[in-house]
Amino acid sequence: MYRKFIATVAAASIAITALGSAPAYADDRDVARALAAILGIAVVGKIIHDNNKKKEREVTRRHTAPVYTAPHRYNQPRVQQRRYNQHIQPRPLPRHVRNDKLLPSQCFRSFDTRSGPVRMFGNRCLQNNFRHANRLPQHCKVRVKTYNGKRTGYQARCLRDAGYRLARG
């Protein structure tokens, strides 16, 4: 809208300039007419400017305002109170924590030989205290000569490499 107003003022000034190129004689009436014309153009420009300001103040929304909705409530499951002397059954251990490959610590012994001490799991102790003694890897089985005779057992490093561990406690 400003462009139209400026274009109108520019056109009016060019027209007045063209009229002003006539011989310079002016009486009071011509000066009054020119001032009235300029005043009229200024009033029209002010009206247009005020009208544009009113339009700028008005806000038009093309989308609806968001509506607040309360979030869903989470109801926690109720935990039953333990009754006095009520035994809780323990959950089974996961597969990777099972004690199938936990060897009893009392079977881990050090035997003295001519070449130095040998640390191994005694065969007879494992047969008595380890349920899966028959499943132990046979390539870990060794026979050692000690000062008290021959001993049969399983090398600790070999069993560790096969996935067996020493049960602590």
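The values are calculated or read from the model by the stated rules, or taken from the named source; none is laboratory data. Only a predicted model underlies this, so the values are computations on that prediction, with no experimental measurement involved. Cβ atoms come from the backbone with ideal geometry, glycine included; neighbour counts cover every protein chain shown.
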Exercise. Would you call Ala70 modelled with pLDDT of 85 or more and assigned to a loop (DSSP other than H, G, I, E, B)?
Worked result: yes
Problem set entry | Residues satisfying the stated conditions in region 144-164, i.e. of a type outside the set (Gly, Ala, Ser) and in a loop (DSSP other than H, G, I, E, B) | Tyr147, Asn148, Tyr164
For this session: Could you give me the residue pairs with C-beta distances under 9 Å whose first residue belongs to region 123-137 and is of a type outside the set (Lys, Arg), whose second residue is part of a loop (DSSP other than H, G, I, E, B) and loosely packed, with under 12 Cβ neighbours inside 10 Å wherever it lies, and which are 6+ apart or on separate chains?
Result: none
For this session: Name every residue in region 78-131 that is out of contact with any Leu (no Cβ under 9 Å at 6 or more places or on another chain), at pLDDT 80 or above and assigned to a loop (DSSP other than H, G, I, E, B), in order of residue number.
Result: Arg114, Ser115, Arg131
